[in-house]
Every structure is written in structure tokens, then in C-alpha cells.
Amino acid sequence: MSSEHHGAPSQPSAASAERFRAPKQRAAALSVASNGTLIVLKVIAGIATGSVAVLTEAAHSGIDLIASIVAFFSVRKADEPADAGHPYGHQKLENMAGAIEGTLILFGAAIITYEALVRLVKGGHVHTIGVGIAVIVVSAVVNLFVSRVISRRATQTGSVALAADALHLSADVASSLAVLAGLVLVAFTHAEWIDPAVALLVAAGVAVAGVRILLSSSRSLVDEALPEAELEWIRSTIRELGAERGVVGFHKLRARRAGTRRYVDLHLQFAAGTTLEAAHETAHELTAAIRDRLAGADILVHVEPRDRVEPGAELLSPHEPAARPPGRPAASA
């Protein structure tokens, strides 16, 4: 049997992609709307109170808005089908959006740090604290709700851009609570230095979130392998299904992720005497089995004869051909 490719890469169905498209876009739109509203409230509260911590929260929400707009357009574009210019699709746009969001967050942390240090050195006065407290409470509640909604959508759809947005909004909740605590302490102690000190703590938390998002997105941009647990599941599926269908070994298993989609390719070695039709059918069955677990996976199987087994290949049966079901050609020695 000569070495042949198992057709074209097995693509996920259009229906599967369409099922996730609308929920992803609605979640991204919700993030844009909530961030836009919170910016207005925080700017008003920051001006009214003179609090650098509240104003930095407004700047933070401004960064959030830009990031959520990037996420919104990325999830729309990433779900478009592959075309002649992008034969592997547009999924990496989601990873790129996550990297952009992480970079914007780090930029925002730098701005917050600068403003807080200036206020610590020059001093300042916080007033109308009640307004600031009310706005920050509203901000924390809204971001908590929106982050939970987006996180659920990210889990359901596997969206990298939405996961980054949800993580960012969760960090916003923590920073809002820190600002709230700072305002309450200023109100009771009248120690004005607490306000910029809290802003510095917020900046540190924002920077940590930015680094986490940037690193997570960058791993997919450089084609990091799938987690070992998923790779081992693929191997076990090959062993279980292949052992009954004339597969004697496999090698060059590679798997990566781009956006919501996983890409898997591997080489299968078949026992001597296996027809091309039988090998092709087995490759289809293996593709379906892998996709049952890795929804939306794009899978390519390369079939080879037994004499093409290379060093490093995993052999299903080192001494004898694997048993095959009735109707399949018997393996020759």
C-alpha cells in the first residue's frame, strides 16, 4: 500500500460553527455596552470626588472598552469560514485579540501607576466621597455580573477572546473593591495618602491580569501543543480503535489550538495487506472519535504501510499484526 493522505483536512461542520457564533457575539456586545456605561459613571464620580483611585478606575474602564471592542470584532471575524487566502480559517484572530487586550491592560497599569505616584508626591484632596462609593459599588456589581455571563459563554464556545475579556472584568471587580475600601478608609481616617496608595495596588493587580492574558494568548500564537491530557486522550483513542482495524503503529502526532478550534494531524501505519479503502474508512472512524471529544477539531490523518514505521513511532503490537474485524483483509507477514 502506498502512502496516501486521508483526503483533505476534516473540517468541523458549518452548523457547529453557527451554533456558537451568535452567543459569542452577544457576549462581546454586552461587554462593550457595560464598559461604555461605566466609563461615563466613573468619570463623573472621579471629577466629583477628586479621587485619583476613581479616575484611574475610569481610565481602566476606557482600556476595557477598547479591549472589548477588539474582542467583539475578533469573534465576528474569527468565525468566518476558511477562504482561498486563509485556508486554515481566521481563528487566530481571537488569540491576537487576547494579546492586544493584555498589552492594553499593561499600558493602562502604567498610566495608573504614574498618576498615583504624582498624587503621592504632590498630594491631593478627596471630597464628595459618597458619590464615589456609590459609583464604585455599581461598577463592581455590573462587572461581576457581566464577567460571569462572558465566562460562561467562553466556556461553552471555547472562545479565547471572551475568556480574556472575562478574566479582565474579574480583575476589574477586585480593583473596584480595593478602590471602595480605600474611599471608606479615607472617609473615616481623612488620610489622603490612602487614595493614591490604593491606586498603586490596583495598578499592580491590573498588571498581573494583563501579563496572564498576554501569556495565555501568546502560547496559541506560537502554536503551543495541546495539554498533555488531551494528547493522551488522542493516543488512547488511536490504541483502542486502531487495534481492531489493522493499525500497527502511529507517529508524528501533532496538535495545536487556534482560537476556538483545535488542529490535529498524525501518521497511521497499517498492517500489510490492508486495502486503501479499509485504511481510509479507519481514518474516518478515528476522525469522528477524536471529534466526539474535541468538538470542532480540524483533523488530518496520513496513512502509511507497516514498513514505513519510523524510530519513535508507537507500535500497537510489536510482534504481530493487530486483530481486525471480519471482512477486512488478513495481514500478511
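No lab work stands behind these numbers, since they all come straight from the coordinates. Since this is a predicted model, take the numbers as computed values, not measurements.
Suppose a student asked you for the relative contact order of the range 14-221, using Cα pairs under 8 Å spaced at least 6 residues apart; what percent would you report?
29
Find the Cα radius of gyration of the range 200-263, compare it with 2.2 N^0.38 Å by division, and give the number to two decimals.
Ratio of Cα Rg to 2.2 N^0.38 Å: 1.71.
Can you pull the semi-axes for the range 14-221, root of five times each eigenvalue of the Cα gyration tensor, sorted largest first, whole Å? Present the calculation step by step, with values, prior to reporting the outcome.
Values: eigenvalues 252, 52, 27 Å².
For the range 14-221, the semi-axes come out at 35, 16, 12 Å.
Let me see the pair-distance distribution of the range 226-315: every alpha carbon pair, 10 Å bin width, integer percents in order.
Calculated P(r), rounded to whole percents: 17, 54, 25, 4, 0.
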